[in-house]
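Q: What follows is a single structure, and I will ask about it in a moment.
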Amino acid sequence: AIGVLTRALAERCDALLAVDVADAALAQARERTAGLGHVTVAKRAVPRATPGGPFDLAVVSEVGYYLSAPDLARFERQLAEAVVRGGHVVLVHWTGETDYPLDADTVHVAFAGPGWAPVSDARAERYRLTVVERR
């Protein structure tokens, strides 16, 4: 999105790729991460243009519920290929009512299959945060 989380993650990463589909969000993310040579901000739409990895961490924040069920299944498979064994996916989504194709729970349950080991799953008043490890 606008680079707030990207900036915070950048302090903990050797290399970081941040993606979004919205030009305005990308511009703000680029502004927030200016001068951080190890950060790349790119326009990508998942699952059509999911980055291929390899990654030891993928953060799926406020994205999954915009996808259709078949696109979410495709995205999960792509991440299973892109995230290294022992790597993690962090999923965080708002849990309130929306008119999006999916809800937070549906997105998070999609990462409960045999390719993923649960690490943590927490629900707060307004969001769900799940961490899974690539088996």
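The values are calculated or read from the model by the stated rules, or taken from the named source; none is laboratory data. Remember, predicted model here, so these are calculated numbers, not experimental data. We place every Cβ from the backbone using ideal geometry, glycine too, and count neighbours over all the protein chains shown. The accessibility values were calculated without ligands, DNA or RNA, using every heavy atom of the protein model including side chains. Shrake-Rupley method; radii C 1.70, N 1.55, O 1.52, S 1.80 Å.
Q: Just the residues that are hydrophobic (A, V, I, L, M, F, W, C) and open to solvent by less than 60 Å² (accessible area, probe 1.4 Å), please, taken from the stretch 103-116. Give the steps one after another, and end with the answer.
A: Our first condition is that a residue be hydrophobic (A, V, I, L, M, F, W, C); within the stretch 103-116, this holds for 104, 107, 109-112, 116.
If the condition is that a residue be hydrophobic (A, V, I, L, M, F, W, C) and open to solvent by less than 60 Å² (accessible area, probe 1.4 Å), then ALA104, VAL107, ALA110, PHE111, TRP116 are the ones that fit.
Q: Within the stretch 10-37, take every residue that is out of contact with any strand residue (DSSP E or B) (no Cβ under 6 Å at 6 or more places or on another chain) and under 17 Å from GLY53 (Cα atoms) and give me the one that is surrounded by the most Cβ atoms within 10 Å (Cβ to Cβ).
A: ASP20
Q: Report the residue count in the stretch 39-48 for those that are open to solvent by less than 60 Å² (accessible area, probe 1.4 Å) and part of a loop (DSSP other than H, G, I, E, B). Full working, then the answer.
A: The first filter runs over the stretch 39-48 and keeps only residues open to solvent by less than 60 Å² (accessible area, probe 1.4 Å), leaving 39, 41-42, 45-47.
From what is left, the residues that are part of a loop (DSSP other than H, G, I, E, B) are 45-47.
Total meeting the criteria: 3.
Here is a yes/no grid of residues against (1) over 11 Å from the mean Cα position of the chain (by Cα); (2) open to solvent by less than 60 Å² (accessible area, probe 1.4 Å); (3) of a type in the set (Asp, Glu):
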| residue | (1), (2), (3) |
| --- | --- |
| ASP56 | yes, no, yes |
| GLY64 | no, yes, no |
| SER68 | yes, yes, no |
| ARG74 | yes, no, no |
| GLY87 | yes, yes, no |
| TRP94 | yes, no, no |
| PRO101 | yes, no, no |
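Q: What number of residues within the stretch 73-97 are hydroxyl-bearing (Ser, Thr, Tyr) and part of a helix (DSSP H, G or I)? Break it down stepwise before answering.
A: Here is the first cut: in the stretch 73-97, the residues hydroxyl-bearing (Ser, Thr, Tyr) are 95.
Add one more test, that the residue is part of a helix (DSSP H, G or I), and what stays is none.
Residues meeting the conditions: 0.
Q: Considering only the stretch 87-95, I want to know if a residue exists there that is under 28 Å from ALA24 (Cβ atoms) and of a type outside the set (A, V, I, L, M, F, W, C).
A: Filtering the stretch 87-95 down to residues under 28 Å from ALA24 (Cβ atoms) leaves 89-95.
Pick out the ones that are also of a type outside the set (A, V, I, L, M, F, W, C) and you get 93, 95.
Yes: the stretch 87-95 contains one or more residues that are under 28 Å from ALA24 (Cβ atoms) and of a type outside the set (A, V, I, L, M, F, W, C).
Q: Here is a follow-up. Please specify each residue of the stretch 76-85 satisfying the condition of being touching a residue at least 40 places away in the same chain (Cβ under 8 Å), basic (Lys, Arg) and surrounded by 12 or more Cβ atoms within 10 Å (Cβ to Cβ).
A: Those that are touching a residue at least 40 places away in the same chain (Cβ under 8 Å), basic (Lys, Arg) and surrounded by 12 or more Cβ atoms within 10 Å (Cβ to Cβ): none in the stretch 76-85.
Q: Next up: Of the residues that make up the stretch 98-121, is at least one β-branched (Val, Ile, Thr), under 21 Å from ALA1 (Cβ atoms), out of contact with any Cys (no Cβ under 6 Å at 6 or more places or on another chain) and not in a helix (DSSP H, G or I)?
A: Yes, the stretch 98-121 contains at least one residue that is β-branched (Val, Ile, Thr), under 21 Å from ALA1 (Cβ atoms), out of contact with any Cys (no Cβ under 6 Å at 6 or more places or on another chain) and not in a helix (DSSP H, G or I).
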